[in-house]
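Trainee: Just dropping this structure here.
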Number of protein chains: 2
Amino acid sequence: MSFDPATLVYDDRGLIPCIAQDEETGEVLMMAWMNAESVARTLETGKVTYWSRSRQSFWVKGETSGHVQSLVDLRLDCDRDCLLAVVRQVGPACHTNRRSCFYTAVRDGEEVELMTPMG
Amino acid sequence: MSFDPATLVYDDRGLIPCIAQDEETGEVLMMAWMNAESVARTLETGKVTYWSRSRQSFWVKGETSGHVQSLVDLRLDCDRDCLLAVVRQVGPACHTNRRSCFYTAVRDGEEVELMTPMG
């Protein structure tokens, strides 16, 4: 079946969450949002392109930082309302310079930091 | 630092997305939503408990199907607006009986099914 980004299910802002997962390690790197045009651009260019809610503009991941995400595989879930981008990540995915944004765990009621910023 | 679910960032419906990842394989299984009370119950019981937007009620994953998710580790992202639950998943995570909800890939403009329902 041919894929059309318009057939995905977007929220009332026209956005769909996209999870980025590291191709090699399987690590979940981050979650951000896409609109239909972001999805189309990501597929066309192979560069993962989110929609920045704060800046209200397209966000080609790594365009300014160099920490690009190259698309390896784009997947959608059963409800068509969430995406999974399998990616090759250059450097840290997180703006704090950590490999993943999910660097804090909740253990025994305490927040524990699992990763330090990359050198 | 002591963890309080109220310090997470929820959307205007009071919800936060939670990604479930298989502890052993690293596979991304599904994404669903939690409210502050779901987060608290998940931590207290060790059973991953979402908020069902369609039923407007708590959803203890696997309570009716038996396909439970036992919490191994709960993580939050840098913006505190997305959760990652590392889980032990019994059977399929998806209501279609597939291991993961992300069983469809977009390749060369076509939708490709990557997984069949579990027997």
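Trainee: Between residues in region A:1-25 that are more than 11 Å from every other protein chain (Cβ to nearest Cβ) and more than 22 Å from A:Gln69 (Cα to Cα) and residues that are part of a loop (DSSP other than H, G, I, E, B) and among the basic types (Lys, Arg), which pairs lie under 9 Å by C-beta distance while being six or more apart or on different chains?
Mentor: Within 9 Å, the pairs are A:Val9/A:Arg80.
Trainee: Is there a residue being of a type outside the set (Gly, Ala, Ser), within 11 Å of chain B (Cβ to nearest Cβ), in contact (Cβ under 8 Å) with a residue 60 or more places away in the chain and open to solvent by 40 Å² or more (accessible area, probe 1.4 Å) anywhere in region A:69-79?
Mentor: yes
Trainee: Moving on. Looking at B:Arg53, is it within 14 Å of another protein chain (Cβ to nearest Cβ) and touching a Leu at 6+ places or on another chain (Cβ under 7 Å)?
Mentor: Spelling it out, it is not the case that B:Arg53 is within 14 Å of another protein chain (Cβ to nearest Cβ) and touching a Leu at 6+ places or on another chain (Cβ under 7 Å).
Trainee: Answer yes or no as to whether B:Pro5 is closer than 19 Å to A:Leu84 by Cα and at pLDDT 95 or above.
Mentor: Taking the combined requirement at face value, the residue does not satisfy it.
Trainee: If you don't mind, there's one more thing I want to ask. Against the condition part of a helix (DSSP H, G or I) and more than 11 Å from the chain's Cα centre (by Cα), how does B:Glu63 come out, does it pass?
Mentor: No, not satisfied.
Trainee: Still on this model: Name every residue in region B:86-119 that is open to solvent by 30 Å² or more (accessible area, probe 1.4 Å), within 28 Å of B:Arg75 (Cβ to Cβ) and more than 8 Å from chain A (Cβ to nearest Cβ), in order of residue number.
Mentor: Of everything in region B:86-119, those that are open to solvent by 30 Å² or more (accessible area, probe 1.4 Å), within 28 Å of B:Arg75 (Cβ to Cβ) and more than 8 Å from chain A (Cβ to nearest Cβ) turn out to be B:Arg88, B:Val90, B:Asn97, B:Arg99, B:Met115, B:Met118.
Trainee: Something else about it: Name the residues in region B:28-38 that are open to solvent by 10 Å² or more (accessible area, probe 1.4 Å) and under 12 Å from the mean Cα position of the chain (by Cα), would you?
Mentor: B:Met31, B:Trp33, listed by residue number.
Trainee: If I ask for residues that are open to solvent by 100 Å² or more (accessible area, probe 1.4 Å) and either not in a loop (DSSP other than H, G, I, E, B) or not basic (Lys, Arg) (or both), which ones from region B:48-60 would you list?
Mentor: Passing the criteria: B:Ser54, B:Gln56.
Trainee: Another one. Go through (1) under 19 Å from B:Arg107 (Cα atoms); (2) in contact (Cβ under 8 Å) with a residue 24 or more places away in the chain; (3) open to solvent by 30 Å² or more (accessible area, probe 1.4 Å); (4) touching a Phe, Trp or Tyr at 6+ places or on another chain (Cβ under 9 Å) and name the single condition A:Arg41 misses.
Mentor: Single failed check for A:Arg41: (2).
Trainee: A follow-up question, please. As an exercise: evaluate A:Thr64 against (1) loosely packed, with under 14 Cβ neighbours inside 10 Å; (2) modelled with pLDDT of 95 or more; (3) over 15 Å from B:Gln21 (Cβ atoms) and give the number of the one condition it does not meet.
Mentor: Unmet for A:Thr64, out of (1) loosely packed, with under 14 Cβ neighbours inside 10 Å; (2) modelled with pLDDT of 95 or more; (3) over 15 Å from B:Gln21 (Cβ atoms): (2).
The values are calculated or read from the model by the stated rules, or taken from the named source; none is laboratory data. The structure displayed is predicted, hence computed values, not measured ones. Ideal geometry is used to build each Cβ from the backbone, glycine not excepted, and the neighbour counts take in all protein chains shown. Just so you know, the surface numbers come from the protein's heavy atoms only, side chains and all, with ligands and any DNA or RNA stripped out. Shrake-Rupley method; radii C 1.70, N 1.55, O 1.52, S 1.80 Å.
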